[in-house]
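The values are calculated or read from the model by the stated rules, or taken from the named source; none is laboratory data. What you see is a predicted model, and the numbers here were worked out from it, not measured in a lab. Positions of Cβ are generated from backbone atoms using ideal geometry, with glycine treated the same way; all protein chains shown enter the neighbour counts.
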Amino acid sequence: MVIKYLEEHKACFNYEIGNEPLIELIEGKADACGKLFLNNHIVLYVVNGEVAFSYNSYSDVLVSENQMYFVPIGSELTYKSTAGFKCFMFRLEDQIRFCDCFTGPMLKKKLINIKKESPFVLSANQLIRSFVDGVECLLAHKMFCRIFFDYKRKELLYMLRGFYTKDELALFFYEGLSDNITFSSEVVRNFRRFSTVSALAESLHYTVSGFEKRFKKTFGVSPSKWMREQKSREIYRDVCSSKLNFKQISDKYNFSSTSTFSDFYKTTFGETPGVTRKKQCKGLV
């Protein structure tokens with residue numbers, strides 16, 4: 001079966017072929033590993049194989065075939081697998097919403113009687129397995145519409161609401177229900193607009209000292225270090241994946257000149273952006 005009028009689909013502004021689609025398939029061969037900074041809450045669904053995920057205080061959480069795992073916004077997620085694997089990533093909205101009448105915050109009262117002391121991996125029932133099989137089939141036929149993806153991530157949450165207990169959902173989405181999540185979301189959504197910690201703190205109505213204290217408690221590092229790391233990561237992604245030339249990338253990140261940008265890049269990554277892009281073209285990065 002082949003999708004009809006593929007070029008028309010590709011021409012639509014809702015066709016997702018760029019970074020961070022709402023639904024993304026991650027695949028790896030033996031000894032695969034990777035790292036992602038999360039701009040959204042995500043639900044990971046391992047289709048086949050076995051993957052060890054690490055983020056924040058959790059290390060090497062093993063998720064096997066037909067199991068799901070939740071990771072909150074603002075996390076630096078790493079993964080590794082000793083064998084081949086296939087995993088779907090469903091990117092969620094900041095506020096978890098199972099349906100119009102039931103949202104994540106409504107699970108908070110369940111947390112009074114629940115203490116999460118270890119990672120909580122959720123096994124998929126047969127209905128969710130069939131749902132994911134359908135998503136995989138449609139993506140294989142290049143159904144990459146953002147509106148379609150939005151419907152599917154909502155469908156997944158609706159199925160979780162329908163077939164799992166509130167205690168199970170509270171454990172699964174535990175980190176996404178904490179008071180720190182609102183703060184994390186605001187930081188992740190706004191940090192790109194500001195070049196200094198003080199400006200970011202002011203935009204979120206904090207004093208610098210109060211912001212730094214709250215930030216370190218939430219993210220585990222100082223805001224200045226975190227902002228440098230995010231800037232470096234996004235620059236690297238633009239050099240590897242975008243069609244922007246180096247002057248455009250330099251301007252995008254407010255460097256005073258292309259040579260200043262190149263010096264920063266070489267100091268940070270140990271090579272010039274030109275070398276990285278050549279490697280990317282040869283499939284070496």
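Of the residues making up the stretch 218-226, one or more are in contact (Cβ under 8 Å) with a residue 40 or more places away in the chain and not β-branched (Val, Ile, Thr).
Apart from one condition, Ile96 fits all of (1) within 20 Å of Lys35 (Cα to Cα); (2) at pLDDT 90 or above; (3) within 15 Å of the chain's Cα centre (by Cα); (4) buried (at least 16 other Cβ atoms within 10 Å of the Cβ); the exception is (1). Restricting attention to the stretch 126-147, which residues are in contact with a Leu (Cβ under 8 Å, 6 or more places away or on another chain) and either surrounded by 18 or more Cβ atoms within 10 Å (Cβ to Cβ) or touching a residue at least 40 places away in the same chain (Cβ under 8 Å) (or both)? Residues satisfying the conditions are Ile128, Glu136, Leu139, Lys142, Arg146.
For Val275, the test of being surrounded by 12 or more Cβ atoms within 10 Å (Cβ to Cβ), among the β-branched types (Val, Ile, Thr), assigned to a helix (DSSP H, G or I) and out of contact with any helix residue (DSSP H, G or I) (no Cβ under 6 Å at 6 or more places or on another chain) is passed.
For the stretch 126-141, the condition of being on the phi > 0 side of the Ramachandran plot and not in a helix (DSSP H, G or I) holds for none of the residues.
Contact map, the stretch 190-206: first residue at pLDDT 85 or above, second residue surrounded by 14 or more Cβ atoms within 10 Å (Cβ to Cβ) and β-branched (Val, Ile, Thr), Cβ cut-off under 8 Å, separation 6 or more or different chains; pairs are Val197/Val208; Ser198/Val208; Leu200/Val187; Ala201/Val208; Leu204/Val187.
In this entry, Phe211 is excluded by the filter for residues that are modelled with pLDDT of 90 or more and closer than 30 Å to Lys278 by Cα. Would you check if there is a residue in the stretch 21-44 being in a loop (DSSP other than H, G, I, E, B) and free of Cβ contacts under 8 Å to residues at least 24 places away in the same chain? Within the stretch 21-44 (the criterion being in a loop (DSSP other than H, G, I, E, B) and free of Cβ contacts under 8 Å to residues at least 24 places away in the same chain), the answer is no, since none of the residues qualifies.
Residues are listed down the side, and each one gets a yes or a no for (1) surrounded by 15 or more Cβ atoms within 10 Å (Cβ to Cβ); (2) modelled with pLDDT of 90 or more; (3) over 24 Å from Val187 (Cβ atoms):
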{"residue": "Asn254", "(1), (2), (3)": "no, no, no"}
{"residue": "Ser259", "(1), (2), (3)": "no, yes, yes"}
{"residue": "Gly270", "(1), (2), (3)": "no, yes, yes"}
{"residue": "Leu284", "(1), (2), (3)": "no, no, yes"}
